[in-house]
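Data block below; observations after.
The values are calculated or read from the model by the stated rules, or taken from the named source; none is laboratory data. No experiment lies behind these values; they were computed from the predicted model shown. Using ideal geometry, Cβ is built from the backbone for each residue, glycine included, and neighbour counts are taken over all protein chains shown. Heads up: the accessible areas ignore ligands, DNA and RNA and are worked out on the full protein's heavy atoms, side chains in. Shrake-Rupley method; radii C 1.70, N 1.55, O 1.52, S 1.80 Å.
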Amino acid sequence: MSGLTRADFLRGAGAVAASGLLPARAADPRGTEAPLDADVVVIGGGLSGLTAARELGRRGHTSLVLEARDRVGGRTLSVPTSHGHPVDGGGAWIGPGQDRMAALAVELGLVTVPSWYAGDTTYDLLGKVTRGMIPDVSWSESLDALRALWRLDRLAGSLPQGASWEAADAARLDALTVHDWLVGRGATPFTHAVFKLITRAVFAGHPEHMSLLWVLHYVGAAGGVLPVILNDGGAQDLRFEGGSQQVSLGLAALLGDVVRLAHPVRHVEQPPGEPVRVHTDGGVLRCRRVVVAMMPGDTMRIAFTPELPAARLDLAGGWARLTRLPLIKTSVLYPRPFWRDRGLSGAMQSDAAPLQLVFDTSPTDGSLGVLTCFLSVTEAPHLGDARTRPQAVAEELVRYFGPDAAHPLEVVEKDWGIDPWSTGCITPLPPGLLSRAGHTLRTPVDRVHWAGTETAHAWCGYMEGAVRAGERVAAEVHAALDS
Ligand SMILES: Cc1cc2nc3c(=O)[nH]c(=O)nc-3n(C[C@H](O)[C@H](O)[C@H](O)COP(=O)(O)OP(=O)(O)OC[C@H]3O[C@@H](n4cnc5c(N)ncnc54)[C@H](O)[C@@H]3O)c2cc1C
């Protein structure tokens, strides 16, 4: 495994301290009461919040990052295994066009490796298991699915990137679910199955519940349908050896004691003419501006005084109440990647099976075989019991990869459905919400600014979007502080 060493961390932190990025006691602009704790308090130590703090430091502003958990990284998490090969329990892959993440990997000395896709993909669609480069269906069915994907791509490209609610026909597109749209096109059952596969895999939702405008927004932010759905050459092209959480750990090390773990923020007060007050369990911090860097739904756990505008509450509340499939990411370790001997890539995609997606995430030297699975216990109640789940998942894998799959060395998982600080992981927005309240996604409320991947113009929902949103909000706060 390659990554940052402790010495690198300390060197980085020292360099940052020397360059003045560690929090000085910022001056209270009114010159009254106690000095400020920082120019800016950033709430959330995921990729977005950590990037925001770093960029603010580069622009000469002091900041403090308050993170609720006892770790940084948010929706990225490297889960240790007893075989010395940590696996990603959250965000894992990056791909072409995700320049910020690629640059951070280089800067932090992390190694990215190509994902393994050699061999046949396994498809479980409409109750039939087939293997090959593409699902085994008739030409006419393939053509219908391709036409629908092409149309989706064109529609997505016609909307303002990252601001789809500004489109002239936003309300019409937002009134439709993805399912309505497919029915309107007279889509074949196979096309319906392909879209269900995609919405389950990418958004943790079903076409019947998801706004067409939201899917177009997301696809447009990624630059089209292909980057989203392609594995090889798409958003699932590369992964971080040792896990993607290393990016956040590296950023936090560069920031040093700016980052405060186990500091859940409960309340943000903006008294007129006085510094902003940020209430944590450990006390109150005073600052000039606040950045909230998390999924809009997660902001509902924080009280704001004065109350946030109704449209903003509509957006955040709608996000928090979504009908989503609570996702578990499970990695199953074997002595070797035995499926490769049978010409299989280890990738499996399904529209309805208990396992939504499977990927081969074995170490590059092949010293272990690792199959990483996405599953939702709402759809597969027999996988609901955490004690019996490891063997039940292995048995599901036997359907696709043969009897060797029944005997794993180890099974590790991250259950996002029971995570106390992330309201799910990815978001299937329902009809109506984005066209009604999307304009509040990035709009500051007095001295509170919004970041998090969901606010990104490009690569919304991805790690790349989180970093870009952190950069955007830092520029926004800098401009506000300067003025
Ligand atoms: C299972 C899964 C698979 C994924 N796969 C990929 C992938 O392959 N590629 C990809 O690019 N992306 C993927 N993603 C998405 C990616 O992980 C996210 O887009 C990205 O990590 C979001 O970063 P963020 O900083 O915007 O938000 P978060 O990571 O959610 O960070 C928000 C932070 O705020 C903290 N917080 C919340 N409330 C409070 C509070 N009141 N006080 C203080 N702190 C608080 C949280 O603890 C968290 O650390 C995946 C996500 C999941 C869960």
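Can you name every residue in the stretch 308-321 that is away from the ligand (no atom under 14 Å from the Cβ) and among the hydrophobic types (A, V, I, L, M, F, W, C)?
Correct list: Leu308, Ala310, Ala311, Leu313, Leu315.
Only one residue in Ala352, Ala320 is over 20 Å from Leu433 (Cβ atoms) and in contact (Cβ under 8 Å) with a residue 24 or more places away in the chain. Which one?
Ala352
Does any residue in the stretch 257-275 that is at negative phi come within less than 8 Å, Cβ to Cβ, of a residue that is hydroxyl-bearing (Ser, Thr, Tyr) and open to solvent by less than 10 Å² (accessible area, probe 1.4 Å) six or more places away or on a different chain, and which pairs are these?
Val258/Ser63
Quick one: which residue in Ser331, Ser362 is modelled with pLDDT of 95 or more, over 22 Å from Gly127 (Cα atoms) and part of a loop (DSSP other than H, G, I, E, B)?
Ser362
Could you grab me the full set of residues in the stretch 229-259 that are modelled with pLDDT under 95 and crowded, with 24+ Cβ neighbours inside 10 Å?
Across the stretch 229-259, the qualifying residue is only Ala235.
I need the full set of residues from the stretch 209-225 which are open to solvent by 30 Å² or more (accessible area, probe 1.4 Å) and modelled with pLDDT of 95 or more, in order please.
Within the stretch 209-225, just Gly223 meets the criteria.
Kindly provide the set of residues from the stretch 278-307 that are within 15 Å of the ligand (Cβ to nearest atom) and under 23 Å from Ala479 (Cβ atoms), ordered by number.
Of everything in the stretch 278-307, those that are within 15 Å of the ligand (Cβ to nearest atom) and under 23 Å from Ala479 (Cβ atoms) turn out to be Val278, Leu285, Cys287, Val290, Val291, Val292, Ala293, Met294, Pro296, Thr299, Phe304.
Can we say Pro337 is free of Cβ contacts under 8 Å to residues at least 24 places away in the same chain and open to solvent by 10 Å² or more (accessible area, probe 1.4 Å)?
No.
For the stretch 88-200, which fully contained helices (runs of 4 or more DSSP H) count at least 1 residues that are buried (at least 18 other Cβ atoms within 10 Å of the Cβ) and over 25 Å from the mean Cα position of the chain (by Cα)?
Of the helices (runs of 4 or more DSSP H) lying wholly inside the stretch 88-200, those with at least 1 residues that are buried (at least 18 other Cβ atoms within 10 Å of the Cβ) and over 25 Å from the mean Cα position of the chain (by Cα) span 139-157, 178-184.
Restricting to the stretch 302-317, and then to whatever is surrounded by fewer than 19 Cβ atoms within 10 Å (Cβ to Cβ) and within 21 Å of Leu429 (Cα to Cα), can you tell me which residue is modelled with the lowest pLDDT?
Gly317
Can you tell me which of (1) away from the ligand (no atom under 15 Å from the Cβ); (2) surrounded by fewer than 19 Cβ atoms within 10 Å (Cβ to Cβ) is the one Ala262 doesn't meet?
(1)
Just checking, does the stretch 282-294 include any residue being more than 29 Å from Leu36 (Cα to Cα), surrounded by 14 or more Cβ atoms within 10 Å (Cβ to Cβ) and in contact with a Gly (Cβ under 9 Å, 6 or more places away or on another chain)?
No.
Mind checking which residues of the stretch 424-483 are of a type in the set (D, E, K, R) and either within 11 Å of the ligand (Cβ to nearest atom) or touching a helix residue (DSSP H, G or I) at 6+ places or on another chain (Cβ under 6 Å) (or both)?
Arg442, Glu454, Glu464, Arg468, Glu471, listed by residue number.
Every residue in the stretch 400-448 that is open to solvent by 30 Å² or more (accessible area, probe 1.4 Å) and assigned to a helix (DSSP H, G or I), please.
Pro403, Asp404, Gly417, Ile418, Ser435, Arg436, His439, listed by residue number.
Looking at Gly49, Gly57, can you tell me which residue is within 10 Å of the ligand (Cβ to nearest atom), in contact (Cβ under 8 Å) with a residue 24 or more places away in the chain and either under 19 Å from Val247 (Cβ atoms) or open to solvent by 20 Å² or more (accessible area, probe 1.4 Å) (or both)?
Result of the check over Gly49, Gly57: Gly49.
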